[in-house]
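Before any comments, here is the structure.
The values are calculated or read from the model by the stated rules, or taken from the named source; none is laboratory data. Computed from a predicted structure; not experimentally measured. All Cβ positions, glycine included, derive from the backbone under ideal geometry; neighbour counts span all protein chains shown.
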Amino acid sequence: MPEKQMPVKYIDRRTILAAVIILIIIPGTILFGVFFLKDRKYYFISLLILIYTMLPFMLVFEKRKPQARELIVVAVLAAIAVAGRAAFFMLPQFKPVVAVVIIAGVCFGGEAGFLVGAVAGFVSNFFFGQGPWTPWQMFCFGIIGFLAGILYKKGILKKTRLSLCIFGGLATFFIYGGIINIGSLLMFTSQLSWKALLAYYVSGFWFDIVHAVATVVFLYAISQPMLEKLDRIKIKYGLIETEEA
């Protein structure tokens with residue numbers, strides 16, 4: 001039986017520090033690459049994001065070192081996301097990555113969700129092509145996983161198909177689509193304008209819709225069996241406890 005999640009009403013210091021790294025330092029690093037490095041050092045920026053991403057994840061363990069099996073679970077989830085994106089290469093935007101990232105965040109915490117998303121975005125682009133879009137994709141995938149973990153921890157997001165599908169569809173359309181369109185504009189010009197941004201949102205509308213629908217479809221299909229199996233593994237081995245004692 002899956003474990004029962006008790007809502008945590010307060011925000012602990014670890015979560016605040018993780019949020020600062022994920023919501024301020026990482027976006028600042030991406031913008032530094034855009035405005036000061038002219039999007040020419042995207043490998044460097046991507047590697048910095050991976051380093052930053054490890055810090056919140058390591059905070060989860062606080063007074064102990066992570067065990068190999070805990071790292072393996074996260075690595076396997078990232079590999080599933082990468083394989084899923086590659087498997088559906090023939091269908092633009094119809095990918096399961098966000099669904100897997102949300103499941104990771106719900107099951108193992110926001111920090112793990114961000115790590116899975118960032119790693120999946122970076123590694124999968126060795127197949128799809130690295131470029132200045134990579135840091136943006138890493139951040140977009142990761143932030144959805146982080147948010148899923150936080151909302152689940154607070155009792156707002158549930159493990160039901162309905163709750164996950166609603167969150168997944170909205171997050172993919174508004175968060176991923178909303179941020180990636182800004183990134184797409186900045187890849188071509190550093191001069192932001194409302195008209196140009198609106199044009200990107202309009203031109204990307206149907207792509208974002210397809211991506212959101214894909215997330216809903218995959219969450220409906222795989223969320224319950226994956227969460228059930230991951231919960232069993234988590235309980236059996238006591239993996240990645242995100243609750244405060």
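Quick one: in the range 17-55, which of the residues that are of a type in the set (Ser, Thr, Tyr), in contact (Cβ under 8 Å) with a residue 60 or more places away in the chain and touching a helix residue (DSSP H, G or I) at 6+ places or on another chain (Cβ under 6 Å) is surrounded by the fewest Cβ atoms within 10 Å (Cβ to Cβ)? Write out each step before concluding.
Within the range 17-55, the subset of a type in the set (Ser, Thr, Tyr) is 29, 42-43, 46, 52-53.
Imposing the further condition that a residue be in contact (Cβ under 8 Å) with a residue 60 or more places away in the chain reduces the set to 29, 42-43, 46, 53.
Cutting the leftovers down to touching a helix residue (DSSP H, G or I) at 6+ places or on another chain (Cβ under 6 Å) gives us 29, 42, 46, 53.
Details: 29: 19, 42: 21, 46: 23, 53: 26.
Taking the candidates together, the pick is 29.
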Task: Complete set of residues in the range 138-161 that are of a type in the set (Gly, Ala, Ser) and surrounded by fewer than 19 Cβ atoms within 10 Å (Cβ to Cβ) - done: 155
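Can you tell me which of 140, 107 is in a helix (DSSP H, G or I), within 17 Å of residue 223 (Cα to Cα) and not aliphatic (A, V, I, L, M)?
Only one candidate passes the filter, namely 107.
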Open item on the list: Return the pair list, or none, for Cβ contacts closer than 6 Å from residues in the range 128-156 that are within 13 Å of residue 184 (Cβ to Cβ) to residues that are among the small types (Gly, Ala, Ser), at least 6 apart or on different chains.
Closed with: 134/46; 135/46; 136/183; 137/121
TODO: Give the residue that is farthest from residue 85 (Cα to Cα), with candidates limited to residues of the range 120-138 that are aromatic (Phe, Trp, Tyr) and in contact with a helix residue (DSSP H, G or I) (Cβ under 6 Å, 6 or more places away or on another chain).
DONE: 136
- [ ] Read through the list (1) assigned to a helix (DSSP H, G or I); (2) modelled with pLDDT under 90, then give the number of the only condition that residue 1 fails.
- [x] (1)
TODO: Look through the range 119-140, keep the residues that are over 21 Å from residue 170 (Cβ atoms) and among the aliphatic types (A, V, I, L, M), and return whichever of them is farthest from the chain's Cα centre (by Cα).
DONE: 123
Open item on the list: Return the residues of the range 103-137 that are aliphatic (A, V, I, L, M) and either under 21 Å from residue 238 (Cα atoms) or surrounded by fewer than 21 Cβ atoms within 10 Å (Cβ to Cβ) (or both); say none if nothing qualifies.
Closed with: 103, 104, 106, 112, 115, 116, 123
Task: Residue list for the range 155-177, restricted to those being outside any helix (DSSP H, G or I) and more than 17 Å from residue 114 (Cα to Cα) - done: 155, 156, 158, 159, 160
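With in contact with a His (Cβ under 8 Å, 6 or more places away or on another chain), modelled with pLDDT of 95 or more and not polar (S, T, N, Q) as the only criterion, which of 82, 98 stands out?
98 is the lone residue from the list that is in contact with a His (Cβ under 8 Å, 6 or more places away or on another chain), modelled with pLDDT of 95 or more and not polar (S, T, N, Q).
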